[in-house]
1. Bins of 20 Å, beginning at zero and ending with the bin holding the largest distance: percent of Cα pairs per bin for the protein assembly as shown, please.
2. If you take every DSSP beta bridge whose two residues both sit in chain B, what share of them, in percent to the nearest 5, is antiparallel?
3. Share of antiparallel DSSP beta bridges in region B:65-155, in percent to the nearest 5?
4. Could you compute the FRET efficiency for B:Asp18 and B:Glu306, with r as their C-beta to C-beta distance and R0 at 45 Å, rounded to 0.05?
5. Looking at the protein assembly as shown, what % of its DSSP beta bridges pair antiparallel, to the nearest 5?
6. Treating the beta-carbon of each Lys and Arg as +1 and of each Asp and Glu as -1, no other charges, what is the dipole magnitude of chain B about its Cα centre, to the nearest 20 debye?
7. Can you give the local net charge around A:Ile84? Use residues other than it whose beta-carbon is closer than 13 angstrom to its beta-carbon, Lys and Arg +1, Asp and Glu -1.
8. Taking the highest mean first, how do the peptides B:175-184, B:219-228 order by number of other beta carbon atoms within 10 angstrom per residue?
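The values are calculated or read from the model by the stated rules, or taken from the named source; none is laboratory data. Keep in mind that this is a model prediction, so the values were computed, not measured. Counting neighbours? That spans all protein chains shown, and the Cβs are built from the backbone with ideal geometry, glycine included. Ligands, DNA and RNA are stripped out before the accessible areas are found, and what is left, the full protein with its side chains, is counted by its heavy atoms. Shrake-Rupley method; radii C 1.70, N 1.55, O 1.52, S 1.80 Å.
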2 protein chains.
Amino acid sequence: MSLPPSGREESLVRPHYDDVVRAAERLEGVAHRAPVHTSRTANERTRAELFFKCENFQRGGAFKFRGAYNAVAALSSEQRRRGIVTYSSGNHAQALAYAGKLQGVEATIIMPNDAPEMKVAATRGYGGHVQFYDRYSEDREEIGRRLAADRGLALIPPYDHPDVIAGQGTSARELIESVGQLDILIAPLGGGGLLAGSAIAAKHLSPSVKVIGVEPEAGNDGVQSFRKGEVVHIPPPKSIADGAIVTHLGYHNFPIIQDLVDDIVTVSDAQLIEAMRFFAERMKMVVEPTGCLGAAAALGNIYPVEGKRVGVILSGGNVDIARFCALLAA
Amino acid sequence: MSLPPSGREESLVRPHYDDVVRAAERLEGVAHRAPVHTSRTANERTRAELFFKCENFQRGGAFKFRGAYNAVAALSSEQRRRGIVTYSSGNHAQALAYAGKLQGVEATIIMPNDAPEMKVAATRGYGGHVQFYDRYSEDREEIGRRLAADRGLALIPPYDHPDVIAGQGTSARELIESVGQLDILIAPLGGGGLLAGSAIAAKHLSPSVKVIGVEPEAGNDGVQSFRKGEVVHIPPPKSIADGAIVTHLGYHNFPIIQDLVDDIVTVSDAQLIEAMRFFAERMKMVVEPTGCLGAAAALGNIYPVEGKRVGVILSGGNVDIARFCALLAA
């Protein structure tokens with residue numbers, strides 16, 4: 001069992017399937033029931049039956065809205081009055097600002113100064129107060145904790161939080177409700193909010209499913225942690241999957257991943273671009289690089305799927321179109 | 001009443017709502033029930049309630065599959081044995097090749113030699129025999145009729161055919177079945193297959209709806225024909241809306257459009273690009289320029305929609321990604 005840094009043990013609450021159900025109730029009529037798309041071409045290529053859960057069509061353009069909204073909805077009225085704070089490399093920033101706006105809660109967002117312009121603009125567009133930090137020299141978690149303590153704000157980190165994990169689990173729950181039992185469920189892995197939540201939902205609803213996390217090759221802290229049995233920290237990685245370039249898994253997330261996830265694999269940036277091209281050309285969708293992690297593993301046969309019914313979570317579509325085109329032209 | 005060129009009167013059969021229903025039965029389980037997407041941002045900008053029928057997610061990447069499949073399904077077994085032929089600037093080519101493949105009918109496709117590479121490749125990918133012609137010097141209809149006569153092939157033109165029109169009407173039917181009564185239905189206008197079929201379905205299911213066609217500014221033969229009360233021919237127009245650059249409306253299509261369509265408006269290429277950008281950035285979808293015609297009119301306030309419930313048919317998503325990116329960079 002991995003332990004969080006000293007002084008944080010008290011906060012280790014493990015979410016269960018009931019919490020995913022409660023999150024789904026809170027999200028009813030607020031989050032989109034993101035559609036499931038299929039592709040004969042993808043099925044022919046992989047000789048599998050792939051079900052893509054399209055969180056790129058979610059409110060705010062990514063699954064992150066689910067966890068953020070659920071976490072804000074779970075706050076006390078006193079906490080809501082004081083406001084919320086988070087740090088995020090992108091989609092959680094927008095999602096929390098949006099969730100705050102919808103629920104009348106003021107949100108401060110600590111963003112890296114190299115965050116995609118579109119994500120900064122969208123965060124501000126939802127009324128979030130953006131505060132920048134340097135990814136390579138500053139500790140965003142420290143900044144977040146300090147702001148929370150100084151101003152009495154509720155800290156809702158992007159993944160290391162039980163209500164965030166439970167909210168993210170609602171996507172896999174909807175997917176299995178829609179398409180039935182799965183042999184494999186593949187989800188992107190950054191800090192582990194989506195993967196942990198997906199695993200909780202999937203193992204409950206489809207007990208024989210194998211749950212697979214996919215992270216960028218350059219940031220394989222998840223694989224390292226999974227093998228070592230504890231949260232491994234790595235230097236800030238560089239990958240086009242800007243939503244998954246975390247330095248370590250969440251402490252709430254890791255025990256769930258260790259218990260319920262069957263394997264973690266990695267994909268290269270080139271494989272992400274191939275998947276992104278496939279979605280644009282064949283499925284007429286814009287999926288951001290991070291959103292392609294799971295699909296790249298399935299389409300590139302990184303994790304074997306032949307003959308299986310496979311759920312693949314496409315986590316988001318928030319990519320500057322200029323960057324999208326530059327990546328596809330490379 | 002406009003008359004077709006001498007010798008073609010006998011073929012003027014007008015499809016009715018019953019034909020759309022029969023087409024829907026043939027397409028059941030074969031065509032996708034293309035999803036309807038909405039956008040809070042689009043609604044805020046237009047102060048309307050917009051329902052986008054996403055035929056870019058249709059089989060073959062465009063609504064054309066509906067009409068092509070229906071027309072092939074309506075052939076006699078003798079006609080199927082001999083094969084089919086068509087001419088097309090793109091999506092109908094793929095659609096007919098695909099419909100032929102699915103129903104075991106050999107398809108010959110006459111395509112312009114400047115057709116998008118992706119559309120040629122896709123047509124061949126579906127097993128279609130491609131024969132090129134020059135859009136600016138040759139008459140594709142003449143080539144098609146000659147091939148049909150010489151080889152005993154059934155000619156299924158891209159729009160000027162009652163079974164094609166009836167098939168295209170199934171999209172508007174599904175849209176209204178999904179979202180209920182509409183105040184306005186906006187559809188792209190090239191040769192008039194989609195618009196005529198949409199008008200037949202929409203006026204039956206939502207009698208007070210106003211049906212609006214949208215064509216490229218550079219190829220406004222539809223507006224001219226609508227005003228003049230007869231099919232007006234224009235020189236081959238140049239527009240990025242490669243699926244709508246026809247020289248004249250279909251002779252089966254025009255009387256239906258004249259009777260049931262309420263107005264025809266035009267949009268510029270720049271307006272198409274703005275709509276294409278909106279779909280990519282905000283709705284995470286790839287919509288080809290022709291597919292943006294209806295949306296450009298609504299989003300650009302070319303046809304007033306404020307306060308209305310508006311159906312907008314996005315007709316397709318088949319655009320080379322390199323071209324898509326070049327258009328958005330311009």
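1. Answer for the protein assembly as shown: a P(r) of 19, 48, 26, 6, 0 percent.
2. Looking only at bridges with both residues in chain B, the antiparallel portion is about 10 percent.
3. Counting only bridges with both partners in region B:65-155, antiparallel ones make up about 0 percent.
4. Efficiency for this residue pair is about 0.80.
5. Expressed as a percentage, antiparallel bridges in the protein assembly as shown total about 10.
6. 680 debye
7. Spelling it out: positives minus negatives among the neighbours equals +2.
8. Final packing ranking: B:219-228, B:175-184.
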